[in-house]
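Right, one structure below, let's go through it.
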Amino acid sequence: MGKKGKISHQSNKVSHVLAIETSCDDTSVAIVDSSGLVLAMKSQNQDLIHGPFGGIIPELASRNHTMQVLPLMDEVFKTASFGWEKIDAIAVTYTPGLLGSLLVGLTVAKTLSVLHKKPLIGVNHLEGHLYAPFLKDNKFNLNSTWDEPFLGLCVSGGHTSLVRVDKFRKIKTLGRTLDDAAGEAFDKFGKVLGLGYPAGKKMDELAKKGNVKAFNFPRPLIKSNDFNFSFSGLKTAGMLKFKELENKINGDVLNDLCASYQEAIVDVLSSKVQKAVKKTRIKKVVVTGGVAANSALRERLRDYLFPPPYYCADNAAMIGFVGAKKFEQCKIDGIKLKVAATTKNAEIKS
Ligand code: KG4
Ligand code: ZN
């Protein structure tokens, strides 16, 4: 294992990285190579654990990561049919996320790094999401090279950012949410509607049977001259509409509420993307993060690059891919790496 930036490897060789993702409530382990090929990935979400509370309980999240991560790793090695001798480096999410959750992944990664004498590489979770469309496996291959520059809309339960990637590790945030994330807007309104937690997927399903024009929800900041987002006003409008209709909400009304509310989110997200394409003249756009699984958003932005839903959600494959690329550039962190719940101004620091 070398010091920061001091490691040599054969540049013509494909590198294999073992990756660990535990930034929020999904535990995920993967083995990925530097071409983006996912050799094995095993993930476990904690929806059943947090669902009854209507949101993530950080202590429960970290406790469950502790229990899940090593069994998942055993499964990953079994699937890949090889052992540590073929692993060149370990990649782990170190920011942003829940501190306790990040700490579980980092502690495991550090221990394995020392034990197996493998270099340790920290990966920014959002940078991972941005490269998810370029992963490949036996079911998915966009066959699109990740030649920068490209724009990235990263929409999840905790983040909503529109960024410009000028080259690998050079990411500029064009705009971000000023309050709630897009996924949070789905989850919080969905909770009021009794759809459980997280509610995005369920709202997406119900919306397919509803009328997008039934209710006129606000489209916050849609006309603003910047690339920022705001979803808390929309969430409040949803809640007020729910109170107004409370006794009259039958199946059709519920579907209409989901469709109209979802349409407002899709309108705002897609209009900012189109505006950014126009302004930057960069036509290649990736849409990623849990909300990128939304069928209406996928349909509206169909000209752009989406990962399949299982790489939209939090996963270790995307962390491994960025980790492998960093490894090839000799960007090694070593065991002094620390976790960070956030980065300044939500910039995606590689
Ligand atoms: O990226 P992710 O798995 O975790 C975070 O980093 O937050 O995103 C989870 C978010 C949740 O808010 C969930 O409701 C939302 O993604 N989500 C969806 C859909 N599937 C998941 N939102 C809208 N439509 C979907 N189909
Ligand atoms: Zn995420």
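A few points about this structure:
- Pair list, Cβ < 6 Å and 6+ apart or interchain, from region 115-132 residues that are in contact (Cβ under 8 Å) with a residue 40 or more places away in the chain and open to solvent by 10 Å² or more (accessible area, probe 1.4 Å) to residues that are in a strand (DSSP E or B) and more than 11 Å from ligand 2 (Cβ to nearest atom): Lys118/Ala89; Lys118/Ile90
- Arg164 meets the conditions (1) touching a strand residue (DSSP E or B) at 6+ places or on another chain (Cβ under 9 Å); (2) on the phi > 0 side of the Ramachandran plot in every case but one. The failed one is (2).
- Residue within region 108-116 that is modelled with pLDDT of 95 or more, charged (D, E, K, R) and farther than 18 Å from Met318 by Cβ present: yes
- Annotation note: Cβ proximity below 6 Å between a residue of region 237-258 that is open to solvent by 50 Å² or more (accessible area, probe 1.4 Å) and a residue that is part of a helix (DSSP H, G or I) (sequence gap 6+ or interchain) occurs for Met239/Val192.
- The condition of being surrounded by 15 or more Cβ atoms within 10 Å (Cβ to Cβ) and more than 10 Å from ligand 1 (Cβ to nearest atom) holds for Gly175.
- Verdict on Gln274 being open to solvent by 10 Å² or more (accessible area, probe 1.4 Å), over 30 Å from Pro119 (Cβ atoms) and away from ligand 2 (no atom under 16 Å from the Cβ): yes
- Evaluation of Ala264 against (1) within 24 Å of Leu178 (Cβ to Cβ); (2) within 16 Å of ligand 1 (Cβ to nearest atom); (3) hydrophobic (A, V, I, L, M, F, W, C); (4) open to solvent by 20 Å² or more (accessible area, probe 1.4 Å) (one fails), failing number: (4)
- Thr177 falls short on exactly one of the conditions (1) β-branched (Val, Ile, Thr); (2) more than 16 Å from ligand 2 (Cβ to nearest atom); (3) within 26 Å of Ala341 (Cβ to Cβ), and that condition is (2).
The values are calculated or read from the model by the stated rules, or taken from the named source; none is laboratory data. Bear in mind the structure is a predicted one, so any value in this text is a computation, not a measurement. Don't worry about glycine lacking a Cβ; one is built from the backbone with ideal geometry, like all the others, and counts go over all protein chains shown. The area values use the complete protein model at the heavy-atom level, side chains included, leaving out ligands, DNA and RNA. Shrake-Rupley method; radii C 1.70, N 1.55, O 1.52, S 1.80 Å.
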